[in-house]
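K.L.:
Handing you a structure now.
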Amino acid sequence: MQTFDEQRIAHIKDLLEVKQKVVIVAHKSPDGDSIGSSVGLYHYLQKKGVEVTICHPDPAPYFLQWMNGTETILNAEEQRELTFQKIKEATILFCLDFNTLNRTGILEQALMEASATKIMIDHHLYPGHGFDYTFSEVASCSTAQLITDFIHAMGDDELLDENIGNALYCGIMTDSGSFRFPSVTSHTHIVIARLMEHGVKPHMIHEAVYDTNSFEKLQLWAFAIDQKTEVLEKHKTILITLSQNELEKYHYTKGDTEGLVNEGLSITGIKKSIFLMEQDGIIKISFRSKGEDNPVNTMASKYFQGGGHLNAAGGKWVGSMDAAIAKIKDVLPEFD
Ligand code: 5GP
Ligand code: MN
């Protein structure tokens, strides 16, 4: 069935005809897709004359702050009261890039209690309950691609512009590994062409996201790869670990380790890469893999209180780094 079917799109159009207070939310620890889809939808709704605010659980990383519109994002970590007040007053809540409300961290309770009409647009497996409209397309490479599809289904392609397009392009680019993951289809490129026809310049977005490293970030990556990477040949797996002390030594700022886990997959023959990072007393874990026969979301959900996509998942370990590493080594044979 078509994700954005005529009947439900007609409902959304009717809803937006009336004066609404729209709030856009997305998952915690924002990435290029959650920020890109939020900001893209924000500019689009603003252009339609709708009152709209983006309310996120926590701030955007520095490499996404070039995007026009990120400066308007409220986040519950820094503007707690205002963020919760906006959610409470909202009449429509767009829930982007997450499948269950617990992915929004400290916003979860407020979202559960909110009286607004909840519209989910997402591409994660197993869409949860509690939404009035669920536009879920697991095969889509990104939520930003779905937002572009949504605007198209609304008949509003002519509203696309550089602000909307840059944000959506960024979401598609980052969630598709710069157009290299199996989730990229001919439709992805059609959507990109549509954005480019409305002023998006891809090279500028690639530069803005990927060429804004600090020297210390590169040194942190060099250290991690040189000193803190273990090759588990038998399981075709790479383990990368960083403790809080090590992160601090390189003056870690949020976003500095984004993408580090993918480096492991660039080694010939490696099928899984796992990155463990100590943060605020817990171990955050990122899983990446190659191929349909190498799911990592099952490992994340079964043993590490997480989940995600087949080849990109996340989770956590409450305990020491050594215990987390031991657990991973213990369960790896199950996923060979
Ligand atoms: P990352 O490694 O970039 O933090 O997360 C990769 C992907 O795994 C995310 O896009 C998200 O889909 C998923 N993910 C990360 N953490 C969690 C988690 O705690 N729970 C669930 N269900 N999915 C997660
Ligand atoms: Mn996404």
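The values are calculated or read from the model by the stated rules, or taken from the named source; none is laboratory data. Because the structure is predicted, anything quoted here is derived from the model rather than measured. With ideal geometry, Cβ positions are generated from the backbone for all residues, glycine too; neighbour counts draw on all protein chains shown. These area figures cover heavy atoms from the full protein model, side chains too; ligands, DNA and RNA do not enter into them. Shrake-Rupley method; radii C 1.70, N 1.55, O 1.52, S 1.80 Å.
K.L.:
Is one or more of the residues making up the range 127-138 at negative phi, buried (at least 23 other Cβ atoms within 10 Å of the Cβ), within 17 Å of the chain's Cα centre (by Cα) and within 15 Å of ligand 1 (Cβ to nearest atom)?
P.N.:
No, because not a single residue in the range 127-138 is at negative phi, buried (at least 23 other Cβ atoms within 10 Å of the Cβ), within 17 Å of the chain's Cα centre (by Cα) and within 15 Å of ligand 1 (Cβ to nearest atom).
K.L.:
Checking Leu96 against (1) within 14 Å of Ala26 (Cα to Cα); (2) out of contact with any Ser or Thr (no Cβ under 8 Å at 6 or more places or on another chain); (3) of a type in the set (A, V, I, L, M), only one condition comes out false. Which one?
P.N.:
Only one criterion in (1) within 14 Å of Ala26 (Cα to Cα); (2) out of contact with any Ser or Thr (no Cβ under 8 Å at 6 or more places or on another chain); (3) of a type in the set (A, V, I, L, M) is unmet by Leu96, namely (2).
K.L.:
Let me ask another. Scan the range 1-42 residue by residue and report those that are assigned to a loop (DSSP other than H, G, I, E, B), over 24 Å from Gln109 (Cα atoms) and charged (D, E, K, R).
P.N.:
Hits for the range 1-42 are Asp5, Lys19.
K.L.:
Report every pair of residues separated by at least 6 positions or lying on different chains whose Cβ atoms are under 6 Å apart, first residue within the range 27-49 and in contact (Cβ under 8 Å) with a residue 60 or more places away in the chain and over 14 Å from Ala167 (Cα atoms), second within 12 Å of ligand 2 (Cβ to nearest atom) and assigned to a loop (DSSP other than H, G, I, E, B).
P.N.:
His27/Asp97; His27/Phe98
K.L.:
Within the range 53-101, track down each residue that is open to solvent by less than 10 Å² (accessible area, probe 1.4 Å), within 16 Å of ligand 1 (Cβ to nearest atom), part of a loop (DSSP other than H, G, I, E, B) and closer than 24 Å to Tyr133 by Cα.
P.N.:
Pro57, Asp97, Phe98
K.L.:
Restricting the search to the range 287-318, which residues are touching a strand residue (DSSP E or B) at 6+ places or on another chain (Cβ under 6 Å), open to solvent by 30 Å² or more (accessible area, probe 1.4 Å) and either part of a helix (DSSP H, G or I) or more than 7 Å from ligand 1 (Cβ to nearest atom) (or both)?
P.N.:
The answer is Arg288, Ser301, Asn311, Trp317, Val318.
K.L.:
Then there's this: State which residue is least open to solvent (accessible area, probe 1.4 Å) when the search covers only the range 258-286 and only residues that are among the polar types (S, T, N, Q) and in contact with a helix residue (DSSP H, G or I) (Cβ under 6 Å, 6 or more places away or on another chain).
P.N.:
Among those residues, the one meeting the criterion is Ser273.
K.L.:
Among the residues of the range 31-46, write down those that are over 15 Å from Pro61 (Cβ atoms) and open to solvent by 10 Å² or more (accessible area, probe 1.4 Å).
P.N.:
First pass over the range 31-46, keeping only residues over 15 Å from Pro61 (Cβ atoms): 37, 40-46.
Tyr42, His43, Gln46, listed by residue number.
K.L.:
Would you be able to tell me the number of residues in the range 292-336 that are within 23 Å of Glu258 (Cβ to Cβ) and either within 16 Å of ligand 2 (Cβ to nearest atom) or of a type in the set (Gly, Ala, Ser) (or both)?
P.N.:
Narrowing the range 292-336 to residues within 23 Å of Glu258 (Cβ to Cβ): 294-297, 299-301, 304-318, 321, 324-325, 328.
Pick out the ones that are also either within 16 Å of ligand 2 (Cβ to nearest atom) or of a type in the set (Gly, Ala, Ser) (or both) and you get 296-297, 300-301, 306-315, 324.
Going through the range 292-336 one residue at a time, the tally reaches 15.
K.L.:
Moving on. Are any residues in the range 102-124 under 17 Å from Val22 (Cα atoms) and either away from ligand 2 (no atom under 13 Å from the Cβ) or surrounded by fewer than 20 Cβ atoms within 10 Å (Cβ to Cβ) (or both), and if so, which ones?
P.N.:
At the first step, the residues of the range 102-124 found to be under 17 Å from Val22 (Cα atoms) are 107, 110-121.
If the condition is that a residue be under 17 Å from Val22 (Cα atoms) and either away from ligand 2 (no atom under 13 Å from the Cβ) or surrounded by fewer than 20 Cβ atoms within 10 Å (Cβ to Cβ) (or both), then Leu107, Ala110, Leu111, Met112, Glu113, Ala114, Ser115, Ala116, Thr117, Lys118, Ile119 are the ones that fit.
K.L.:
Which ones in the range 1-30 are surrounded by fewer than 21 Cβ atoms within 10 Å (Cβ to Cβ) and within 16 Å of ligand 1 (Cβ to nearest atom)?
P.N.:
Within the range 1-30, Lys28, Ser29 meet the criteria.
K.L.:
In the range 108-125, which residues are modelled with pLDDT of 95 or more, over 24 Å from Tyr44 (Cα atoms) and within 15 Å of ligand 1 (Cβ to nearest atom)?
P.N.:
Residue satisfying the conditions is Glu108 alone.
K.L.:
So Ala224 passes all but one of these: (1) among the aliphatic types (A, V, I, L, M); (2) touching a Phe, Trp or Tyr at 6+ places or on another chain (Cβ under 8 Å); (3) within 16 Å of ligand 1 (Cβ to nearest atom). Which condition number does it fail?
P.N.:
(2)
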